[in-house]
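Below is one structure, written out as structure tokens, with a few remarks after it.
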Amino acid sequence: MDIDVKMTVNGKAVSGKVEARTLLVQFIREHLRLTGTHVGCDTTQCGCCVVHVDGVAMKSCTMLAVQAEGKAITTIEGLASADGTLHPMQQAFRDHHGLQCGFCTPGMVMMGVDIANRLPGADEKTVRHQLEGNICRCTGYQGIVEAIMDASAVMNAARS
Amino acid sequence: MHNFNYHRAADVADAAAKLAATDDPKLLAGGMTLLPTLKNRLAAPSDLIDLAAIAGLKGISVEGKEVVVRAMTPHAVVATSADVQKALPALAQLAGNIGDPAVRHRGTIGGSVANSDPAADYPAACVGLDATIVTNQRKIAADDFFQGLFETALGHGEIITEVRFQIPDRAQYMKFRHPASGYAVVGVMVAQYGSKARVAVTGAGPCVFRVAEMEAALEKSFTPASVANIKVSAEQLMGDIHCSAEYRAHLITVYARRAVEAMVG
Ligand SMILES: Cc1cc2nc3c(=O)[nH]c(=O)nc-3n(C[C@H](O)[C@H](O)[C@H](O)COP(=O)(O)OP(=O)(O)OC[C@H]3O[C@@H](n4cnc5c(N)ncnc54)[C@H](O)[C@@H]3O)c2cc1C
Ligand code: FES
Ligand code: FES
């Protein structure tokens, strides 16, 4: 039995027919063809799949597409401006060498924005704790943490 | 994941009716435990009944000497609630250390309590803070609610609607976090109510339990020294790849002492 779902993804209204068991990440990747959101585990631990649901970071691998009915989703594809200018978090990852292979990066960037939104001015220890649900096998986290702190300051300045 | 029928319950009565009308249903709360279980095909319910649209199951209130957390309230909301931080800071702190931020944005108190995972944090809060688990059918004392490994007093068709915590004079939760998941390798909630003390342990046994000997010692003298030498037998505790039952027994004493230290500090 297919179910109709409607939601907003990166500012655009989208709809589709899904099985009840279709995960939000499958809907995003396979139906909408937005393949920036990754899947790195089946235990909800790696964070490669993090997107924002109504502005809050969630793991799209552990949410059904039908649970996102009527919600506003932002994926990594929705962060940069239309003219290609990177979001401050993306720019900071670039500046601080916050990525190597890039597999964890979409989730890291989305979690980074969420941390900066929730905890403006968070110190290094807090940022490291907040990254508990995002795993990187390459960088050793140093550049990621620096990027999040730097972008957080830029986002703060833009807000005030 | 095997497929299932999906239902969005309008209210608690509707959820109960759907539970009764379907073959092998499961309630869906935050899905942080249930969906990974389904993905690994460890369960294959015929129907999922989603509680997320029920407005009355969300939110927190302080009512007299109780902090009331409704079943669908996510961990992150409990952790950041100004009311909880003021009335029962140990509960806010416990909720803020469950899993990771994305898990806390979706996982709910009702789902955690219903699941009775041996390493979950909320059961220690329920038993340590003398909570009452309220369902659509009755009120159950936390002491009677948790019955074993993933086993609770919940009957078929029973839905948790809220958890009512008794506000203590003071309380502290200390856990040895599993470094990968955040779950409690051992977690201890210590609370003081007038001349009474409660010590609840999670992570160590098949489900949460109280340590009567520590409670009695604290009721005589509420100091770290009172619990520092009380050993819990390893016989009923769990040993696994992470650590032995003996080590868990040792951690109970250490974490109970640290909790009391932080309280009298
Ligand atoms: C990576 C990761 C790390 C985690 N770390 C921790 C941790 O450190 N500490 C910890 O305690 N937990 C941890 N968890 C578990 C997390 O707290 C879950 O949110 C919680 O155990 C289940 O809540 P849920 O709302 O997601 O429930 P669901 O997964 O939706 O449901 C769980 C079970 O409860 C039943 N249920 C749900 N709501 C009700 C209700 N109102 N009435 C009756 N039955 C109901 C469901 O049918 C199901 O059987 C972790 C989970 C993940 C994925
Ligand atoms: S894919 Fe690993 S947490 Fe979602
Ligand atoms: S950059 Fe390779 S996993 Fe993080």
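Any read-out appearing in this document is the output of simple, stated calculations on the displayed coordinates, not a laboratory observation. As the structure is a prediction and not an experimental result, all values here were calculated from the model. Methodologically, a virtual Cβ is constructed for each residue, glycine included, from the backbone with ideal geometry; neighbour enumeration extends over all protein chains shown.
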- Message: Run the reach check for A:Lys17 against lysines, Cα to Cα strictly under 27 Å, same-chain hits fewer than 8 apart removed. What comes back?
- Response: A:Lys6, A:Lys59, A:Lys71, B:Lys18, B:Lys26, B:Lys39
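Just flag the trypsin sites (Lys or Arg not before Pro) in the stretch B:176-265 sitting in loop per DSSP whose Cβ has no more than 13 other Cβ atoms within 10 Å. Working shown, then result.
Details: sites: B:Arg177, B:Lys196, B:Arg198, B:Arg210, B:Lys220, B:Lys231, B:Arg248, B:Arg257, B:Arg258; in loops: B:Lys231.
Listed in order of number, the matching sites are B:Lys231.
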- Note on the structure: Sorted largest first, the Cα spans of chain A on the principal axes come out in Å as 48, 33, 24
- Task: Could you work out how far the C-alpha centroid of the stretch B:177-248 sits from that of the stretch B:24-98, in angstrom?
- Result: 24 Å
- Cα-projected label distance for B:Asn5 with B:Asp24, points at 7 Å along beta-carbon direction, nm: 1.5 nm
- In the stretch A:31-110, which trypsin sites (Lys or Arg not before Pro) fall in coil by DSSP and have 11 or fewer other Cβ atoms within 10 Å? A:Arg33
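With charges set only on the Cβ (+1 for Lys and Arg, -1 for Asp and Glu), what does the dipole of chain A come to about its Cα centre, in debye to the nearest 20?
Details: 14 positive and 16 negative charges, 24 e Å.
It works out to roughly 120 debye.
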- Anisotropy class of the protein assembly as shown from Cα gyration tensor, a/c 1.5 cut: oblate
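Quick check: net charge around A:Asn156, other residues with Cβ under 14 Å of its Cβ, Lys/Arg +1 and Asp/Glu -1? Present the calculation step by step, with values, prior to reporting the outcome.
On the way: positive: A:Arg118, A:Arg159; negative: A:Asp123, A:Asp150.
Summing Lys/Arg as +1 and Asp/Glu as -1 gives 0.
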- In whole angstrom, note down how far apart the Cα centers of the stretch A:17-58 and the stretch B:134-176 are. 32 Å
- Message: As I understand it, the value is the acute angle between the Cα axis of helix B:245-264 and the longest principal axis of the Cα atoms of chain B; what does it come to in degrees, rounded to 10?
- Response: 80 degrees
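Under the rule a/c < 1.5 gives rounded, and otherwise a/b versus b/c splits prolate from oblate, where does the stretch B:119-265 land using the Cα gyration tensor? Each step should come with its number before you reach the end.
Details: a/c = 1.95, a/b = 1.21, b/c = 1.61.
Oblate shape, in that a/c is at least 1.5 and b/c is the bigger or equal ratio.
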- Task: Show which lysines lie in cross-link reach of B:Lys175 when reach means a straight Cα distance below 24 angstrom and same-chain residues fewer than eight apart are skipped.
- Result: A:Lys125, B:Lys86, B:Lys196, B:Lys231
- Between beta-carbons, use under 14 Å as the cut-off and find the net charge around A:Lys6, counting Lys and Arg +1, Asp and Glu -1. +1
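Per-residue ellipticity at 222 nm for the protein assembly as shown, helices alone: DSSP H runs ≥ 4 residues times -39500 (n - 2.57), over residue total, nearest 500 deg cm²/dmol? Write out the running numbers ahead of the final one.
Numbers: 16 runs with 141 residues, N = 425.
For the protein assembly as shown, the value works out to -9500 deg cm²/dmol.
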- Task: Provide the three semi-axes, in whole Å and in decreasing order, of the ellipsoid equivalent to chain B as defined by the square roots of 5 times the Cα gyration tensor eigenvalues.
- Result: 32, 21, 16
- Query: What nm value, rounded to one decimal, do you get for the distance between B:Val264 and A:His31 when each label is placed 7 Å out toward the C-beta?
  - Reply: 5.9 nm
